[in-house]
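A short write-up of the structure that comes next.
We did not get these values from a lab; they are worked out from the coordinates using the rules stated. This structure is a prediction, so every number in the text was calculated from the model and none was measured. Here the Cβ positions follow ideal geometry from the backbone for every residue, glycine too, while neighbour counts run over all protein chains shown.
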Amino acid sequence: MALLAIGLGLGWGIHILPDHGIVEVAAIAILVAQKSLVQHVRAVAEALRRSIPEGRAAVAMIVGRDTAAMTEAQVARAAIESAAENLSDGVVAPVFWYLILGLPGLVAYKLINTADSMIGHMTPRYRDFGWASARLDDVLNLIPARLTAVLIALTHGWVDPTPILRDAPKHRSPNAGWPESAMAPVLNVALSGPRSYHGVRTDYPWVWPEGRRDAGPRDIDAAAHALWRVWAVLFAFAILFALI
């Protein structure tokens, strides 16, 4: 709650500045992580084109699962999943909270989301004081995650919600399953599925199990292109809102 109050206070302080519209546009560009997200995702595609070991090293920078024994398809799927999830909490959610609460909402969300990334882990080290930021981040992303699924689908002409509604609730995350369940049929690539953390394999359900499992660099590129489509729609709304 302290982070929420600090974020709202900082955002409101900027909002009352003269020419705050220009300042808000700059804040949106800085705090919404679209360019960085696309760069990290495309870096995996380029590394994977060179070799599988380089692809593993690149994807290890953006995912927390074990990568040492990943196949080309597993590297590609991991990058696509990261792209979909981070589109939601790194791009759509900040813009959503900006449109709902203005700059105070955007700043508050980014503080909470950053805290979740740093300490919101259910490990012995962080469990006692990181759970609050993790749960609050989950709550703040409930609507944006579902909105992200809608935006991915609509910007690619996909209007059948059946696979999204079928697969998203099976996901291990209350929010990440929604953008993944939209991205998977758009690319026709099965996502989620088995993976290992700290040497322990877990058989998670597949998202879009009827899709291809032989993903590669081209599929990562297609996911990056999907990010830009959604970003174009969101940025247009955010700029109009900032200048009103």
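Things worth noting here:
- Each residue in Met183, Met70 was given a count of other beta-carbon atoms within 10 angstrom of its own, and listing them fewest first yields Met70, Met183.
- Residues whose amide H lies under 5 Å from that of Val189, counting only those 5 or more places away or on a different chain, are Arg212; hydrogens are built 1.01 Å from N in the peptide plane.
- 3J(HN,Hα) from dihedral phi, segment 223-231, Karplus parametrisation 6.51/-1.76/1.60, rounded to Hz, x for glycine, proline: 5, 4, 5, 4, 4, 5, 4, 5, 4
- Calculated FRET efficiency for the pair Arg166/Leu99, C-beta based, R₀ 41 Å, to 0.05: 0.90
- Inter-label distance for Trp131 and Ser196, nm, one decimal - labels placed 7 Å from Cα along Cα-to-Cβ: 3.0 nm
- Gyration tensor verdict on segment 167-237 (Cα atoms; rounded if a/c is under 1.5, prolate if a/b is larger than b/c, oblate otherwise): prolate
- Within segment 2-243: Cβ-based charge dipole about Cα centre, in debye rounded to nearest 20 (Lys, Arg +1; Asp, Glu -1): 360 debye
- The simple spin-label model puts a point 7 Å past each Cα toward its Cβ; for Ile30 and Tyr204 those points are separated by 3.3 nm.
- Karplus-based coupling profile of segment 67-76, in residue order and whole Hz: 10, 4, 10, 5, 7, 4, 5, 5, 4, 5, with θ = phi - 60° in 6.51 cos²θ - 1.76 cosθ + 1.60 and x standing for Gly or Pro.
- Ranking of Arg172, Arg77, Arg146 by neighbouring Cβ atoms within 10 Å, starting from the fewest: Arg172, Arg146, Arg77.
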